[in-house]
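Take a look at the structure below.
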Amino acid sequence: MEAPGKVALVTGAGRGIGRAIALKLAARGFNLALQANRSAEGLADAATAVRAHGVRATPVTANLIDLDDVRRVVDETLDAFGRLDLLVNNAGVYSTAPIEVVTPELWDKTFAVNLRAVFFLCQAAADPLRAHGNGSIVNLASGGGLSARPGFPVSAPYAASKAGVVMLTRVLALGLAPSVRVNAVAPGIIASKPEPMPPAVQEKFAAITPLQRVGEPVDVASAVAFLASDEARFITGQTLSVDGGLVMD
């Protein structure tokens with residue numbers, strides 16, 4: 001184990017990329033607070049899988065649109081473990097809605113979860129992360145927030161909110177240095193849903209990706225674990241693309 005006794009809070013941990021991140025961190029010795037909004041069963045299953053690595057896990061059901069819930073997630077993590085070493089802002093709202101059908105409600109919800117909640121979680125976690133002098137935050141951005149290109153299926157609010165995560169990561173890295181490092185991971189096309197991606201869709205996305213395949217949740221989880229580790233102790237304010245070469249700008 002690389003991080004015995006350390007505590008990580010992972011949002012959106014009930015399935016997909018969030019669950020993979022939680023399991024990767026558990027394998028490295030982190031105790032885990034796992035947040036999800038609607039998937040109570042998935043959250044309980046993720047907590048059980050995390051505990052199988054011999055670490056502690058506590059599930060926290062919370063709606064990140066509600067700022068009281070945002071603060072409560074951090075409070076419950078501290079109540080359960082007494083410390084916080086790593087915050088992973090993974091929870092997000094994804095959409096491929098064309099420009100013509102984007103509504104104010106979709107826009108506001110996307111920004112509330114993808115950007116506003118990320119900032120206020122970081123704000124609430126800042127002091128606990130500073131407490132031990134080597135805290136870390138890893139935000140989930142997106143290749144869709146780095147580049148607009150044909151074939152990358154993201155909506156305008158999703159792309160704009162994830163671009164905001166990239167800049168927010170840089171601002172937080174400056175504001176929380178030197179005791180907290182803040183980085184981001186920008187996934188490309190990842191097969192992260194419970195149901196398998198249809199072969200024809202995989203082939204379509206693989207064809208526009210230099211490494212000729214779609215990503216898996218563990219690809220993203222490995223990048224998050226690296227940025228959270230002491231191996232990345234001199235890295236802050238950076239966004240690491242995990243996309244098979246899809247975005248090279």
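Rule-based calculations on the coordinates, nothing more; no lab input. These figures come from a predicted structure and were not determined experimentally. Because the Cβ atoms are built from the backbone with ideal geometry, glycine has one as well, and the counts that use them run over all protein chains shown.
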Sort I65, I99, I21 so the one with the fewest other Cβ atoms within 10 Å of its own Cβ comes first. I99, I65, I21
With Cα coordinates, the longest principal axis of the chain makes an angle with the long axis of helix 40-51, in degrees rounded to 10, of 60
What is the distance, in nm, between label points placed 7 Å from the Cα along the Cα-to-Cβ direction at A207 and at Y94? 2.1
Considering only P104, C122, S136, whose Cα is most displaced toward the positive end of the charge dipole of region 17-144, charges sitting on Cβ of Lys, Arg (+1) and Asp, Glu (-1)? S136
Within region 173-230, DSSP-loop trypsin sites (Lys or Arg not before Pro) with at most 16 other C-beta atoms within 10 Å are R213
Counting Lys and Arg as +1 and Asp and Glu as -1, what is the net charge of the other residues whose Cβ lies under 10 Å from the Cβ of P59? -2
Let me have the relative contact order for the chain, percent, based on Cα pairs under 8 Å that are six or more residues apart. 19
Just the Cα atoms of region 51-106: what Rg and Dmax do they give in Å? 16.2, 50
Scattering from the C-alpha atoms of region 7-242 alone, worked out with Debye: what is log10 I(q)/I(0) at q = 0.08, 0.10 1/Å? -0.27, -0.42
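Tell me, what is the Rg over Rh of region 11-100, with Rh the Kirkwood radius over Cα pairs? Please list the in-between numbers first.
Details: Rg = 13.5 Å, Rh = 13.4 Å.
Rounded to two decimals, Rg/Rh equals 1.01.
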Among DSSP beta bridges whose residues both lie in the chain, state the antiparallel percentage, nearest 5. 0
Once both label points are put 7 Å beyond Cα along the C-beta direction, the V171-R130 separation in nm becomes 1.8
Among the listed pairs K162/K204; K162/K193; K6/K162; K109/K193; K24/K204; K24/K162, which have their C-alpha atoms separated by more than 25 angstrom in this model? K6/K162; K24/K204
